[in-house]
Amino acid sequence: MENIDTGRHISGQFNQELDAVRNHVMTMGGLVEQQLKDALRSVHESDIELAQKVLSSDYKINKLEVDIDEECTRIIAKRQPAASDLRLVMVIIKTIADLERIADEAEKIAKVALEQFSAKQQDLLLSLENLGQLTLSTLHETLDAFTRMDFDAAVKVHQSDNRIDRAYEALMRQLMTYMMEDPRSIPSIMSVIWSARALERIGDRCQNVCEYVIYFVKGKVIRHISDEDVAKDLLGQ
């Protein structure tokens, strides 16, 4: 009986450790989402102070990534998790790496707010708004899917990544046309292009996190599988 109680105690401690790590990832996700939100607002409103806040806050996210990674390493060494517990730890390690890179992309976007644009060129910044809000919404849905380890939500977000790709391509065509009509605007447009590219990459990172959720729930890697095959193999469609 004593051995059974000890086993339950150890199991309870392990579950608490896993829950604590997941909560830390959620905290990190919330910070990353706020970073992107602030970066987009700093560009939209030409708010230099808010942009500088985004740049100076990046260290918090970097520290969280290091701390969570160390927690996961300690859990693997101490608990030697198996099956779904090991999958969860591996998913967390991969997820925080993508979240840290999303924060880096948000930092690139915020730097645009520090540049000087003429009144006419302000329209270029407004052209980022649609892509930015679409990407922010995708990030929010991705974090929600991760928090609940929701397979259906993860598949839905994963398959909606082409919305960001289409918006990005439409914006790039618009910016290229603008450059041809006014070559003097090229330096300013290049800044907007880098921001658009950062948003497109964030969409890709969100897709990665959704793949991790799908892997945790189903134990299946879909990284190199088309959306059609995912629907057929995992959804039975």
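Throughout, read-outs are computed from the coordinates displayed, never taken from laboratory work. Here the structure is a predicted model, which means the values were calculated and not measured. Positions of Cβ are backbone-derived with ideal geometry, glycine not excepted, and every protein chain shown enters the neighbour counts.
For the stretch 61-70, the set of residues classified as surrounded by fewer than 15 Cβ atoms within 10 Å (Cβ to Cβ) and touching a residue at least 12 places away in the same chain (Cβ under 8 Å) consists of Asn62, Asp67, listed by residue number. The condition (being buried (at least 16 other Cβ atoms within 10 Å of the Cβ), of a type in the set (S, T, N, Q) and within 17 Å of the chain's Cα centre (by Cα)) is satisfied by just one residue among Thr95, Thr27: Thr95. Can you tell me which residues in the stretch 106-121 are of a type outside the set (A, V, I, L, M, F, W, C) and not in a helix (DSSP H, G or I)? Scanning the stretch 106-121 gives Glu115, Gln116, Ser118, Lys120, Gln121.
Does Leu86 satisfy being within 27 Å of Val217 (Cβ to Cβ), of a type outside the set (Gly, Ala, Ser) and assigned to a helix (DSSP H, G or I)? Explain how you work it out, then say what you get.
Working: within 27 Å of Val217 (Cβ to Cβ): yes; of a type outside the set (Gly, Ala, Ser): yes; assigned to a helix (DSSP H, G or I): yes.
Yes, satisfied.
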